[in-house]
Every structure is written in C-alpha cells, then in structure tokens.
1. Per 5 Å bin, what percent of the C-alpha pairs of region 65-211 does each bin hold, from zero upward?
2. Once the piece of chain linking K141 and W94 is laid out straight, how much longer is it, given 0.36 nm per residue of separation minus the C-alpha distance between them?
3. Going by average Cβ neighbours within 10 Å, how do the peptides 182-193, 124-135 rank, with the highest at the top?
4. Taking each pair of different alpha-carbon atoms in region 1-156 once, compute 1/r for the pair, average those values, and report the inverse of that mean as the Kirkwood hydrodynamic radius in Å to one decimal.
5. Any idea what the alpha-carbon Rg over 2.2 N^0.38 Å comes to for region 135-201?
6. Output the pairs from K107/K153; K7/K162; K7/K153; K92/K117 with a Cα-Cα distance over 28 Å in this structure; if there are none, say none.
7. For K92, what accessible surface area do you get with a 1.4 Å probe? Give it in Å², rounded to 10.
8. Just to confirm, what accessible area per residue do you get for the chain at 1.4 Å probe, in whole Å²?
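The values are calculated or read from the model by the stated rules, or taken from the named source; none is laboratory data. Because the structure is a prediction, the values reported are computed rather than measured. Using ideal geometry, Cβ is built from the backbone for each residue, glycine included, and neighbour counts are taken over all protein chains shown. What goes into the accessible areas is simple: the full protein's heavy atoms, side chains included, and nothing from ligands, DNA or RNA. Shrake-Rupley method; radii C 1.70, N 1.55, O 1.52, S 1.80 Å.
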Amino acid sequence: MQIINLKEVDSTHTYLKELIQKDGFSSPICVSADYQSNGIGSRGNSWEGKEGNLFFSFVISKDDLPNDLQLQSASIYFSYILKEVLESQGSKLWLKWPNDFYIDNKKIGGTITTATKDLLYCGIGLNLEHINIDFGALDIKIDKMYILKLYFKSLEKKSSWKEIFNYFQIEFQKSRKYKATIENKKISLENAILNSDGSIQIDDKKVFSLR
C-alpha cells in the first residue's frame, strides 16, 4: 500500500477520489493527513479534529476484497480490523454498530466507505487528542505511520467476513446500550437482531449501514 502523508487537507476522502479520477488506479493507495478541515462523517456531517489526530483514506480494488464480504458491510469489516490492530497495542477501543469507534461511552471516531464500479474507498477518522467534552480520545499513544503499516499488513491477509463477523457479533452486545440514527431517527439498539451479513433487524425492518 502506497501511503501519501499530507500536512493539511480539506478531506482525505475527497483528495483521494480526485487523485484517482486524475491519475487513474493501478494499485492500492492511502492518503493520510495531520489535519483535515472538512472531513466527511456519517449522514453528510463533517468530522473534524485537532491537528495530530489520525485521518486517512484508502482505495482498493473490489477484486482484493474477501469473496464473502458484502459491500454494505465493508465499514464493519475495515473498522473491526483496525480495532484489532489497536487492541494488539493495548487499547480498549470497541466498535459500535455499524462504524463508530468508542472508548468507554464516548465516540472517538468512525469509518465511511463508498464504492464505484471497480473500486472501494474507505475513510477513517480517529481522535488521538480530546477535541471537546462530547467526544473521547484514544487511550494509548501511537505512532501513526507504524499503525497504518500494521493495519494494511492485516488487510493484506484478506481475513474472511465470516471470521471477522464471528468476533464482531460478540462485541455487538455493547451496542445494545446505545442508539443508531435510522431514517433520521434515533433508534435504540437494545432489541436489534444482528444478521450474518452485518445488517440489523429492527422493528421488522432490515437495516444496513448507510456508510
């Protein structure tokens, strides 16, 4: 994975998409930044953070994804693997359905994925420093480039969706204390049923992550 590190950018996700549109895709690329001024968050919101937080986006060919991974659950897949990498370094980070990173009861980041015909883009933002009282920060100190290299090395193993899901369904129990925004409404996950494709069944409705 080629890694391009920038000092500042409006959005690593937007920058990467424009780069691929301009130069084309030949191999996986990651763009990271020390600061982004207009990061893309869930449901069209922005995700901003202090300089020094972890912001990165990468693009891979759909052919490089596990055969059993549905695109609708890519955010869970990519998020959980990063969670495992950070956990291996001593973090107690956990993943709230479908794509939010938490330390204890505070969100510290999240993941978005977007797809074209042949490519999948993934963007991740993670607070390494506290930005305000509403959000938390990672509970360990990390070297960003080291973590990125560990992360992409883990992705190269192409763990199956089934393997990742087996771990995530245990972690999903923590999500039951929280709510998720579904059709612009905050819905409790207390009684949600997690399906094997990463979607949830709630109020007789099947819901995938919008991101």
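1. 2, 9, 19, 23, 21, 15, 8, 3, 0
2. Working: separation 47, 0.36 × 47 = 16.92 nm, distance 1.64 nm.
Between K141 and W94, full extension yields 15.3 nm more.
3. Values: 182-193: 12.1, 124-135: 16.2.
The most tightly packed comes first, giving 124-135, 182-193.
4. Details: mean 1/r = 0.0643 Å⁻¹.
With all distinct Cα pairs of region 1-156 included, I get 15.6 Å.
5. On the way: Rg = 15.7 Å, N = 67, 2.2 N^0.38 = 10.9 Å.
It is 1.44.
6. Numbers: K107/K153 26 Å; K7/K162 37 Å; K7/K153 24 Å; K92/K117 36 Å.
Long pairs (Cα-Cα over 28 Å): K7/K162; K92/K117.
7. Estimated to the nearest 10 Å², K92 gives 150 Å².
8. Values: 10730 Å² over 211 residues.
On a per-residue basis, 51 Å².
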